[in-house]
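Asks: Okay, handing you the structure first.
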Amino acid sequence: MADLKTEIERRRTFAIISHPDAGKTTLTEKFLLYGGAIALAGSVKGKKTAKHAVSDWMEIEKQRGISVTSSVMQFNYEGYCINILDTPGHQDFSEDTYRTLMAADSAVMVIDASKGVENQTRKLFKVCLLRDIPIFTFINKMDREARDPFDLMEEIENELGIKTYPINWPIGCGKEFKGVYDRHKKEIISFTANNGQHEVEKMEVDINDPRLETLIGEQHRQTLVDDIELLDGASYDFDMDAIRHGKLSPVFFGSALTNFGVEPFLEDFLKMTTPPLPRDSSEGEVDPFSKDFSAFVFKIQANMNKAHRDRIAFMRICSGRFDKNMEVAHIQGGKNLKLSQPQQIMAQDREIIDEAYAGDIIGVFDPGIFSIGDTISVPSKKFEFAGIPTFAPEHFARIRQKDTLKRKQFVKGTTQIAQEGAIQIFQEPFKGMEEVIVGVVGTLQFDVLEYRLKNEYNVDIIMERLAYQYIRWIENKDIDIKQLNLSSDTKVVQDFKGRFLLLFTDSWNINWALDKNKGLILSEFGR
Ligand code: GDP
């Protein structure tokens, strides 16, 4: 048996966040290539060609199948054991995307150098802030025309509210991209594009040495000297503590597609980020290096196999070592059990595993007992990890069953699907489930809901999309809902835990509500 401390110490578990098309898949592929986990780039996902027909569950499932097999990738690199958590994007952007971030110890933020901070990055970033995890920025596509690097830094700082520290700095961009200058190593990594071939060379330099001009040209050298002087004088200092607490983001420039700057990024990132960190629980912080196994469920994948209605529960191991034969306690279920078919995902293959360590993610067969946020531990321990918040959906619809006689199935189906965490359901206060308001983070979930209700519960529904765009939980405990002064198109609803929420058609109405109701506290997260 491997040494527990050594195994945990070499673990690095992180998520990659980005807006679609920024280059997350390409960067992941390059990481996997370095780890020797895949032989050829271009094989991580087949998603780009898989445009699915709406309402076709088999197709959705196929797509889901792809995103499941690639949802955690583990590989070894230079002694580290790396777990990359995929945050589903594009069409299957959902609450799962957010929940995945709860299982990560740090995040890599990929930004398209020509676009800067985009919408989906902004949303995912907010969730990272909830836990103060370190965030490393990779500014991608420097081989294309890019925005001014100072502008990009300013945008990250202003829009996301995190300070930046450029570890390297680009020399030109697009056709004129000459490489990057590493501020710590005082070294240039040069980039030469030649008929589609790229050459990369590292050299230690003094940027004030005019001989550098033969390599990057006079103008680029001068700009570099000026830029570095400005950076050294005006930018934030390198501060490891601020980085570890998500207050300062180390920034790297590169080009994932041409494999430029990826390995130096990976190496610095692995050094600056940490092994698994302690997690909060009802009994205080849980030490990852403790010999006692503990984990929490952060994602449930339903109906992997239609014939069996089986589910897979994904758990993040928070402490100790997991052994496939061990008996564990499922705290919320109040039972001891053995986790069946524990599996881990290595690039494209799923493997049944014998053991795993703090930092790792395992998927176990779930006969329908687990819920998101549940704690699993050695039977002698009885604590709960801090729960996973509910994230604000952005699309809403009112649904009801076509056939009023199917009421029981309708209620059962919607409730179960909501419990799995695929959708959120809301009701008008003080009314029953005559009509249900469904909220989702990504619109694909509407199709999934309709299809599953029909196929698994035999209920046809009528769905009417609603114009609401924002939802906020009311945090005040002692508030008289009926006394709230709200605009006519703001709606009060309740979630299945009985908490009160407000639905808004636009952000103006949110401000209105806050303005007219002094002391009202609204939150984007249900905790
Ligand atoms: P994702 O949606 O974030 O996973 O993005 P992908 O990795 O699929 O990349 C989106 C598109 O950008 C693809 O066509 C990539 O080939 C391209 N791309 C990714 N990285 C780079 C880069 O560094 N330079 C250029 N020119 N294109 C890139």
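Every number here is computed from the coordinates shown, using simple stated rules; none is lab data. Computed from a predicted structure; not experimentally measured. For neighbour counting, all protein chains shown are included, and Cβ atoms are generated from backbone atoms with ideal geometry for every residue, glycine included.
Asks: For each pair in Lys454/Lys497; Lys402/Lys431; Lys431/Lys477; Lys271/Lys324, compute the distance between the two Cα atoms and list the pairs where it is over 24 Å.
Replies: Over 24 Å Cα-Cα: Lys454/Lys497; Lys271/Lys324.
Asks: Still on this structure, I have one more. With everything on Cα atoms, drop me the angle between helix 262-272 and the longest principal axis of the chain, reported from 0 to 90° to the nearest 10.
Replies: Taking Cα atoms only, the helix is inclined about 70 degrees.
Asks: Going by C-beta contacts inside 10 Å, put Met142, Met153 in order with the fewest on the left.
Replies: In increasing order of surrounding Cβ atoms, one gets Met153, Met142.
Asks: Mind putting a number on the dipole of the chain about its Cα centre? Charges go on the C-beta only, +1 for Lys and Arg and -1 for Asp and Glu, and I need it in Debye to the nearest 20.
Replies: Dipole magnitude for the chain comes out near 2340 debye.
Asks: Could I ask something else about it? Non-local amide H neighbours of Val459 (under 5 Å, H modeled in plane, Pro and chain starts lacking H): which ones?
Replies: Lys454
Asks: Give the aspartates and glutamates whose C-alpha is closer than 15 Å to that of Lys482, dropping any in the same chain fewer than 8 places away, or say none.
Replies: Glu428
Asks: Express the Stokes-Einstein translational diffusion coefficient of the chain in µm² s⁻¹, to the nearest whole number, given a Kirkwood radius over alpha-carbon pairs, 37 °C and a viscosity of 0.692 mPa s.
Replies: After rounding, the answer is 132 µm²/s.
Asks: Name the residues whose placed amide hydrogens come within less than 5 Å of the amide hydrogen of Phe525, ignoring near sequence neighbours (fewer than 5 apart) on the same chain.
Replies: Residues meeting the amide H criterion: Trp473.
Asks: Just list whichever of Lys299/Lys381; Lys163/Lys291; Lys115/Lys175 have alpha carbons separated by over 26 Å in the model shown.
Replies: Result: Lys163/Lys291 exceed 26 Å.
Asks: Jot down the per residue volume, in cubic angstrom and as a whole number, of the convex hull over the alpha-carbon atoms of region 12-272.
Replies: Per-residue hull volume (Cα only) is 127 Å³.
Asks: If you don't mind, there's one more thing I want to ask. Enter the angle in degrees (range 0 to 90, nearest 10) between the Cα long axis of helix 218-234 and the first principal axis of the Cα atoms of the chain, meaning the one along which they spread out most.
Replies: Roughly 60 degrees, rounded to the nearest 10.
Asks: I'd like to compare 23-34, 118-129: which one has the highest average count of other Cβ atoms within 10 Å, and what's the full order after that?
Replies: Ranking, from highest mean packing down: 23-34, 118-129.
Asks: Rounded to the nearest 20 debye, what is the charge dipole size of region 147-217 about its Cα centre when +1 sits on each Lys and Arg Cβ and -1 on each Asp and Glu Cβ?
Replies: 200
Asks: Restricting to region 12-272, what percent of DSSP beta bridges are antiparallel, rounded to 5?
Replies: 50
Asks: In terms of modelled amide H atoms, which long-range or inter-chain residues lie less than 5 Å from the amide H of Met109?
Replies: So Met109 has HN proximity to Ile17, Phe136, Thr137, Phe138.
Asks: Moving to a separate point now. Can you give the helix-only mean residue ellipticity at 222 nm for the chain, where every DSSP H stretch with n ≥ 4 adds -39500 (n - 2.57) and the sum goes over all residues, rounded to the nearest 500 deg cm²/dmol?
Replies: Estimated from H runs of four or more residues: -7500 deg cm²/dmol.
Asks: Farthest toward the dipole's positive end in the chain, which of Val286, Ser106, Gly498, given Cβ charges of +1 (Lys, Arg) and -1 (Asp, Glu) about the Cα centre?
Replies: Gly498
Asks: Which distance in Å, rounded to a whole number, links the C-alpha centroids of region 391-455 and region 484-503?
Replies: Taking the Cα centre of each part, region 391-455 and region 484-503 sit 17 Å apart.
Asks: Using alpha-carbon positions, what is the distance between the centroids of region 159-226 and region 228-254, in Å?
Replies: So the two Cα centres are separated by 18 Å.
Asks: Work out how much length Glu201 to Arg398 would gain on full extension: take 0.36 nm times their residue separation and subtract the Cα-Cα distance, in nm to one decimal.
Replies: Working it through step by step, the gained length comes to 65.0 nm.
Asks: May I ask which residue of Ala242, Thr258, Asn208 lies farthest towards the positive end of the charge dipole of region 12-272, with charges of +1 (Lys, Arg) and -1 (Asp, Glu) on Cβ and the Cα centre as origin?
Replies: Value computed over the given set: Thr258.
Asks: In addition: In the P(r) worked out for region 374-515, what percent of Cα pairs fall beyond 25 Å?
Replies: Counting every Cα pair in region 374-515, those more than 25 Å apart make up 35 percent.
Asks: A further question follows. Does anyone have the angle between helix 407-419 and the longest principal axis of the chain? Alpha-carbon axes, 0 to 90°, nearest 10?
Replies: Compared with the principal axis, the helix lies near 30 degrees.
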